[in-house]
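Taking it in order: structure first as structure tokens, then the write-up.
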Amino acid sequence: MQIEVRPTLIVNTKVDGRASVDLIWLSQLLKDIGQGSSLVVASKKSGTSYRGAWGKLNQVEAELGMPLIIRTKGHGSELTEFGNFLIQFIEDMQAEHLKHDAQYHDRLLKEIKKIQKSESVRWKFFSSSDSVIQKAAGEIQGLELKIAGSGESLERLLSNEAHIAGYHVSDQDNSKAIYQRLSKNNIEIYPVMKRIQGLIVKKGNPLRIRTIEDLIGKKVRFINRQIGSGTRLLLDNLLMEEEIDPSDINGYLHEEFTHSAVANAILAGKADVGLGVKNIALENGLGFVPLKDEIFFVAMHKEMAAQPASSKLIRKIRSASGETPGYKAVSLNRQIQDWL
């Protein structure tokens, strides 16, 4: 797409009352005349008939009250002093406009893309952070993925702000409680994969971190996940089981919003350990201490479950999880009957 803004001169005519003359066209016509071309030749080069060019020149001269060319019978035409000035004036005016042309063009394209994107999105998918989920969702047309904690994703679904929610649980009792609440609201729940959560540590695990108890003390710098995330809930449950006070962990209040952000903080030397999934540790060349298996679910209202995009999303998640280290596809409720 190309946008071109051309300056025009509005002139009064006896026939139509008002007409416009393209000043870029006029500038080129005058240049050709100034370089020795006759009006006949110059008008032909401009794509206008001799009569048409003659008429426009007369209109401009009448409107400005200044002659542009001097016509000498038998000797052709030459530019007046004002004709030369007008050429430079038009070029300067256009050059000044071109300084801002790109930003207007970019602004228009940005708005077009924004509207096209909003019109192409039909379903909102709020989900806990996970690379397999992101990969699968990115392959479904019309689906917009928003990363949020498991708790927030479910609340968005229950308040009809989301069409689909992705959440994970590591405790059977919590899983059953969530299942019952969603079922009462006519929401379908699909188990899609099992993954391993654990402690992501530096390569070689130099601090020899093996258990949750090893997080206690100022020597180990921990990095946490945000409140509302399933991973944060898992950590807090583990701390309760071991009767560990969160305030005894250096970095408990330091939060990141994705598994990848936790890994990046450890790679950057900002932390020694954080809780996350196995495949993120492997992808980043970090160490991993497994702690807990958990089930990832996809939930949606029954109307959404009838959409082809939903079954396509579930298939893609299960397929990708079956090919990713640290994951295992889950396709039947009876595989996890104790969780529902």
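What distance in nm lies between label points placed 7 Å from Cα along the C-beta direction at LEU207 and LEU282?
Each label point is offset 7 Å from its Cα along the Cβ direction, giving 2.5 nm.
Mind checking which of ALA19, ALA162, ALA263 has the largest fluctuation in a GNM of the chain, springs on alpha carbons under 10 Å?
Largest GNM mean-square fluctuation: ALA19.
Could you give the dipole magnitude of the stretch 143-287 about its Cα centre, charging the beta-carbon of Lys and Arg +1 and that of Asp and Glu -1, in debye to the nearest 20?
Rounded to the nearest 20 debye, it is 500 debye.
Taking a quarter of the surface of the Cα convex hull of the chain, what do you get in nm²?
It is 29.0 nm².
About its Cα centre, how strong a charge dipole does the stretch 266-340 have in debye, to the nearest 20, once Lys and Arg get +1 and Asp and Glu get -1 at the Cβ?
280 debye
Roll a 1.4 Å probe over the protein chains and send me the accessible area per residue for the chain in Å².
55 Å²
Can you run phi through the Karplus equation (6.51, -1.76, 1.60; θ = phi - 60°) for the stretch 29-44 and list ³J(HN,Hα) in whole Hz, with x for Gly and Pro?
4, 5, 4, 4, 5, x, 8, x, 6, 6, 4, 5, 5, 4, 5, 5
Assuming a viscosity of 1.002 mPa s and a temperature of 20 °C, what translational diffusion coefficient in µm² per second does Stokes-Einstein assign to the stretch 156-269, Rh being the Kirkwood radius over Cα pairs?
Value of D from the Cα-based Kirkwood radius: 133 µm²/s.
With the dipole of the stretch 1-98 worked out from charges on the C-beta (+1 for Lys and Arg, -1 for Asp and Glu) around the Cα centre, which of LEU86, TYR50, VAL5 lies farthest toward the positive end?
TYR50
So what is the diffusion coefficient of the stretch 67-115 in µm² per second by Stokes-Einstein at 10 °C and 1.306 mPa s, using a Kirkwood Rh over Cα pairs?
114 µm²/s
Kindly flag which residue pairs out of LYS113/LYS312; LYS146/LYS184; LYS184/LYS278; LYS184/LYS292; LYS45/LYS113 have an alpha-carbon separation exceeding 32 Å in this structure.
The answer is LYS184/LYS278; LYS45/LYS113.
Once amide H atoms are built 1.01 Å from N in the peptide plane, which residues 5 or more positions from ARG221, or in another chain, come under 5 Å H to H?
ASP272, VAL273
Please list, in order along the stretch 153-166, the HN-Hα scalar couplings obtained from phi with the Karplus expression 6.51 cos²θ - 1.76 cosθ + 1.60 (θ = phi - 60°), rounded to whole Hz, x for Gly and Pro.
Using θ = phi - 60°, the values come out as 4, 5, 5, 5, 5, 5, 8, 6, 8, 10, 8, 9, 10, x Hz.
Can you pull the one-decimal nm distance between simple spin-label points at LYS31 and LYS114, each 7 Å off the Cα toward Cβ?
3.7 nm
Starting from the amide H of LYS202, placed 1.01 Å from N in the peptide plane, find each other amide H under 5 Å away whose residue is 5 or more places distant or on another chain.
The list, which skips near neighbours in sequence, is GLY287.
Please give the Cα centre distance for the stretch 243-268 versus the stretch 45-91, rounded to the nearest Å.
When both Cα centres are located, 76 Å separates them.
Enter the angle in degrees (range 0 to 90, nearest 10) between the Cα long axis of helix 50-64 and the first principal axis of the Cα atoms of the chain, meaning the one along which they spread out most.
The angle comes out near 90 degrees.
Work out the length of the dipole vector of the stretch 6-109 about its Cα centre, built from +1 on the beta-carbon of each Lys and Arg and -1 on the beta-carbon of each Asp and Glu, and round it to the nearest 20 debye.
So the dipole magnitude of the stretch 6-109 works out to roughly 460 debye.
In sequence order, what are the phi-derived ³J(HN,Hα) couplings for the stretch 246-253 according to the Karplus relation 6.51 cos²θ - 1.76 cosθ + 1.60 with θ = phi - 60°, rounded to whole Hz, with x for glycine and proline?
Karplus-based 3J(HN,Hα) across the stretch 246-253 equals x, 5, 7, 9, 6, x, 4, 8 Hz.
In degrees between 0 and 90, to the nearest 10, how far off the longest principal axis of the chain does helix 81-120 point, with axes built from Cα atoms?
The answer is roughly 30 degrees.
Got a number for carbon plus sulfur as a percent of the chain's accessible area, 1.4 Å probe?
The C+S portion of the solvent-accessible surface of the chain is 50 percent.
Under the 0.36 nm per residue contour assumption, what length would be gained going from the current alpha-carbon distance of ASN160 and ASN84 to full extension?
Roughly 20.5 nm would be gained on extension.
How far is helix 230-241 tilted off the main Cα axis of the chain, in degrees rounded to 10, range 0 to 90?
That works out to roughly 20 degrees.
Taking every Cα atom in the stretch 87-195, find the radius of gyration and the maximum pairwise distance Dmax, and write them in Å.
Answer for the stretch 87-195, Rg first and Dmax second: 23.2, 83 Å.
How far apart, in nm, are two points set 7 Å out from the Cα along the Cα-to-Cβ line at GLN134 and at ARG315?
2.5 nm
Using a 1.4 angstrom probe on the protein heavy atoms only, line up LYS45, LYS146 by accessible area, largest first.
Largest accessible area first, the residues go LYS45, LYS146.
Answer with one residue from ILE223, SER310, LEU286: the one whose Cα lies farthest towards the positive end of the charge dipole of the chain, charges on Cβ with Lys, Arg +1 and Asp, Glu -1.
SER310
Taking the DSSP beta bridges in the chain as the whole, what percent of them are antiparallel, to the nearest 5?
75 percent
The values are calculated or read from the model by the stated rules, or taken from the named source; none is laboratory data. All values derive from a computational prediction rather than experimental measurement. Counting neighbours? That spans all protein chains shown, and the Cβs are built from the backbone with ideal geometry, glycine included. Accessible surface is based on the protein model in full, side chains and every heavy atom, while ligands, DNA and RNA are left aside. Shrake-Rupley method; radii C 1.70, N 1.55, O 1.52, S 1.80 Å.
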